[in-house]
1. How big is the range 14-93 by Rg and Dmax over its Cα atoms, in Å?
2. Can you tell which of 133, 42, 102 lies farthest toward the positive end of the dipole of the range 6-139, using +1 and -1 charges on the Cβ of basic and acidic side chains (Lys, Arg; Asp, Glu)?
3. Give me the accessible area of residue 90, 1.4 Å probe, in Å² rounded to the nearest 10.
4. For the residue pair residue 94 and residue 63, what label-to-label distance in nm results when each label sits 7 Å from Cα along the Cα-to-beta-carbon direction?
5. To the nearest µm²/s, what D does Stokes-Einstein give for the range 6-139 at 4 °C and 1.567 mPa s, using the Kirkwood radius over alpha carbon pairs as Rh?
6. Quick one: with all protein chains in place, what share of the accessible area of the range 6-139 is carbon or sulfur, to the nearest percent (1.4 Å probe)?
7. Quickly rank 134-144, 107-117 as a protection proxy: mean count of other C-beta atoms within 10 Å, highest first.
8. Provide the three semi-axes, in whole Å and in decreasing order, of the ellipsoid equivalent to the range 48-118 as defined by the square roots of 5 times the Cα gyration tensor eigenvalues.
Amino acid sequence: MGKPTGFMEYLREVAAEVSPRDRIRNWDEFHLPMPDTDLQTQASRCMDCGTPFCHTGMEINRMASGCPINNLIPEWNDLIYRGLWKEALDRLHKTNNFPEFTGRVCPAPCEGSCVLGITNPPVTIKNIEYSIVEKGWEQGWITPQLPHKRTGKKLPLSVLALLVSLPLTSLIVRDIGSRYTERRSPRLVC
Ligand code: SF4
């Protein structure tokens, strides 16, 4: 668990962003990095709930509740609180192949379902996820997962592009890719 009293001691704080007026002038990243110590403080707000609704990934009354790919949120929050970034990345990759996408564009139903949100602003789950994967690229911890053997089977790039555009099917693609196939040109090792 993060800091047992963290959710009582610390307020929710998200990373600053480049102003919309400035960001429309270019295609640059507009999420500004947050210091590691501040991220550890934010992660310490996680209460490690007995029933962590943040990662349930289910429909309640036809409304999405929690993470649709069941990210192990309390676990990587705890690892970040303890400053174990590589371990947090490994835990994140157990359920999510492209946190660099979801950490930027996911509407974060996890935060809407965060139990802390009942009494206080919820844990900044999306920003912590984004920061974990950014650290992973920065440190060179994210490397190609090469298949053990190849079958020569091929996937048209158009089909692959469709599949990886969706979080759930991207999971399938990575797993298939790491076991069997190569994509048809451009030749990128998967
Ligand atoms: S619901 Fe919120 S407080 Fe509870 S484990 Fe998930 S992120 Fe932490």
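The values are calculated or read from the model by the stated rules, or taken from the named source; none is laboratory data. Please read all numbers here as calculations on a predicted model, not as lab measurements. Note: ideal-geometry Cβ built from the backbone for every residue, glycine included; neighbour counts use all protein chains shown. Heavy atoms of the whole protein, side chains included, go into the accessibility calculation; ligands, DNA and RNA do not. Shrake-Rupley method; radii C 1.70, N 1.55, O 1.52, S 1.80 Å.
1. Values for the range 14-93 (Cα only, Rg and Dmax): 15.8, 46 Å.
2. Of the candidates, 102 comes out farthest on the positive side.
3. 70 Å²
4. A separation of 2.9 nm, rounded to one decimal place.
5. Numbers: Rh = 15.1 Å.
Estimated via Stokes-Einstein, D reaches 86 µm²/s.
6. Working: 4180 of 7400 Å².
Carbon and sulfur atoms account for 57 percent of the accessible area of the range 6-139.
7. Numbers: 134-144: 13.1, 107-117: 19.3.
Highest-to-lowest ranking by the protection proxy: 107-117, 134-144.
8. Numbers: eigenvalues 85, 43, 19 Å².
Sorted largest first and rounded, they come to 21, 15, 10 Å.
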